[in-house]
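Q: Let me begin by handing over the structure; questions about it come next.
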């Protein structure tokens, strides 16, 4: 249907969506979705709305105001937690495709992405097509009255996966070699404590710059990556050897049996001994 908002041209379209009880409880579901052709009169301001907004700028420019002002241009994707005060507008022209959505765990996922990448990201190649498919599925559902909830949810989930993935630009590829030295160093020294500063020195970077690049290339913080490697080594030792748990803990860089057992149970939901005896 056509939008009647100020500053939005007649070419624009907007659709409202109501999920089933099952969809609202289990799936990611759209609340509104549309495509807007915006002129300079367009200006939206919200204090609070229980929604997550994925807003793709396909043409023109858009300004987003949160605690700071963010300029977005053609090819940018804005990620907005609408529960927080925000506003956005164009000073000239903007064509946008967007979806307001919600769902179990969606806000927690968004906050993690915002912490890692911020509110503006370069739009992954697959996202515009996924937005088009969501709009088509919503239109089809309205016309046929046949629910497309799982397909729509899969498209929204796919967008979040694409946005969450590590960068794969040429620049990130070049930095991969810097990070590989640090990764190899961590793997070779899993049996002893290591600081981020020590690991950063291997890559000839400052700790803060190293942490930033490591996150961009791998999608995870250096210390979390190290813990994952220690966990994988512990699993191998538990399954492939008869070493006591205390020795496994020592070889994987944990300073006590209790810390190792607590960490292992938190990550796997079983104790090391139970894991050793599991049949797969």
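The values are calculated or read from the model by the stated rules, or taken from the named source; none is laboratory data. All of these numbers come straight from a predicted model, not from anything done at the bench. With ideal geometry, Cβ positions are generated from the backbone for all residues, glycine too; neighbour counts draw on all protein chains shown.
Q: So residue 121 fits all but one of (1) in a helix (DSSP H, G or I); (2) within 20 Å of residue 213 (Cβ to Cβ); what number is the exception?
A: Against the list (1) in a helix (DSSP H, G or I); (2) within 20 Å of residue 213 (Cβ to Cβ), residue 121 comes up short only on (1).
Q: In addition: Are any residues in segment 94-108 without any contact (Cβ under 8 Å) to a residue 24 or more places away in the chain and on the phi < 0 side of the Ramachandran plot, and if so, which ones?
A: If the condition is that a residue be without any contact (Cβ under 8 Å) to a residue 24 or more places away in the chain and on the phi < 0 side of the Ramachandran plot, then 108 is the only one that fits.
Conditions (1) within 16 Å of residue 113 (Cβ to Cβ); (2) modelled with pLDDT of 95 or more, marked per residue:
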residue	(1), (2)
60	no, yes
67	no, no
73	no, yes
81	yes, yes
88	no, yes
100	no, yes
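Q: To continue, here is another question. Pick out the one residue from 87, 91 that is surrounded by fewer than 19 Cβ atoms within 10 Å (Cβ to Cβ), in a loop (DSSP other than H, G, I, E, B), in contact (Cβ under 8 Å) with a residue 40 or more places away in the chain and assigned by TED's automatic domain parsing to the domain that holds residue 105.
A: 91
Q: Please go through segment 206-223 and pick out each residue that is modelled with pLDDT under 90 and outside any helix (DSSP H, G or I).
A: 219, 220, 221
Q: Follow-up. Mind listing whichever residues of segment 142-158 are in contact (Cβ under 8 Å) with a residue 24 or more places away in the chain and more than 21 Å from residue 78 (Cβ to Cβ)?
A: Correct list: 142, 147, 149, 150, 153.
Conditions tested, residue by residue: (1) within 24 Å of residue 13 (Cα to Cα); (2) in a loop (DSSP other than H, G, I, E, B).
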residue	(1), (2)
55	yes, no
58	yes, no
72	yes, no
78	yes, no
114	no, no
132	yes, no
146	yes, yes
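Q: Further question: Between 107, 11, which is outside any strand (DSSP E or B), surrounded by fewer than 20 Cβ atoms within 10 Å (Cβ to Cβ) and under 21 Å from the mean Cα position of the chain (by Cα)?
A: None of the other options fit; the residue is 107.
Q: Being within 22 Å of residue 164 (Cβ to Cβ) and touching a residue at least 24 places away in the same chain (Cβ under 8 Å) is the filter here; which residues of segment 218-232 pass it?
A: Residues satisfying the conditions are 218, 219, 222, 223, 225, 226, 227, 229, 231.
Q: With the requirement that a residue be over 18 Å from residue 251 (Cα atoms) and either in contact (Cβ under 8 Å) with a residue 40 or more places away in the chain or touching a helix residue (DSSP H, G or I) at 6+ places or on another chain (Cβ under 6 Å) (or both), what does segment 184-210 give you?
A: Across segment 184-210, the qualifying residues are 196, 197, 199, 200, 202, 203, 207, 210.
Q: How many residues does segment 109-140 hold that are free of Cβ contacts under 8 Å to residues at least 12 places away in the same chain and within 22 Å of residue 17 (Cβ to Cβ)?
A: Residues in segment 109-140 being free of Cβ contacts under 8 Å to residues at least 12 places away in the same chain and within 22 Å of residue 17 (Cβ to Cβ): 3 in total.
Q: Is segment 62-71 home to any residue that is touching a helix residue (DSSP H, G or I) at 6+ places or on another chain (Cβ under 9 Å), closer than 23 Å to residue 130 by Cβ, in the same structural domain as residue 126 (by TED's automatic domain parsing) and touching a residue at least 12 places away in the same chain (Cβ under 8 Å)?
A: Within segment 62-71 (the criterion being touching a helix residue (DSSP H, G or I) at 6+ places or on another chain (Cβ under 9 Å), closer than 23 Å to residue 130 by Cβ, in the same structural domain as residue 126 (by TED's automatic domain parsing) and touching a residue at least 12 places away in the same chain (Cβ under 8 Å)), the answer is no, since none of the residues qualifies.
Q: Would you be able to say whether some residue in segment 46-58 is over 30 Å from residue 146 (Cα atoms), exposed (fewer than 15 other Cβ atoms within 10 Å of the Cβ) and either in contact with a helix residue (DSSP H, G or I) (Cβ under 8 Å, 6 or more places away or on another chain) or at pLDDT 95 or above (or both)?
A: Checked segment 46-58: no residue is over 30 Å from residue 146 (Cα atoms), exposed (fewer than 15 other Cβ atoms within 10 Å of the Cβ) and either in contact with a helix residue (DSSP H, G or I) (Cβ under 8 Å, 6 or more places away or on another chain) or at pLDDT 95 or above (or both).
Q: Please count how many residues of segment 27-53 are in contact with a strand residue (DSSP E or B) (Cβ under 8 Å, 6 or more places away or on another chain), touching a residue at least 60 places away in the same chain (Cβ under 8 Å) and outside any strand (DSSP E or B).
A: Residues meeting the conditions: 1.
Q: Conditions first: (1) farther than 26 Å from residue 115 by Cα; (2) touching a residue at least 60 places away in the same chain (Cβ under 8 Å); (3) surrounded by 13 or more Cβ atoms within 10 Å (Cβ to Cβ). Residue 215 passes all but one, so which condition is the exception?
A: Going through the list (1) farther than 26 Å from residue 115 by Cα; (2) touching a residue at least 60 places away in the same chain (Cβ under 8 Å); (3) surrounded by 13 or more Cβ atoms within 10 Å (Cβ to Cβ), residue 215 breaks only (1).
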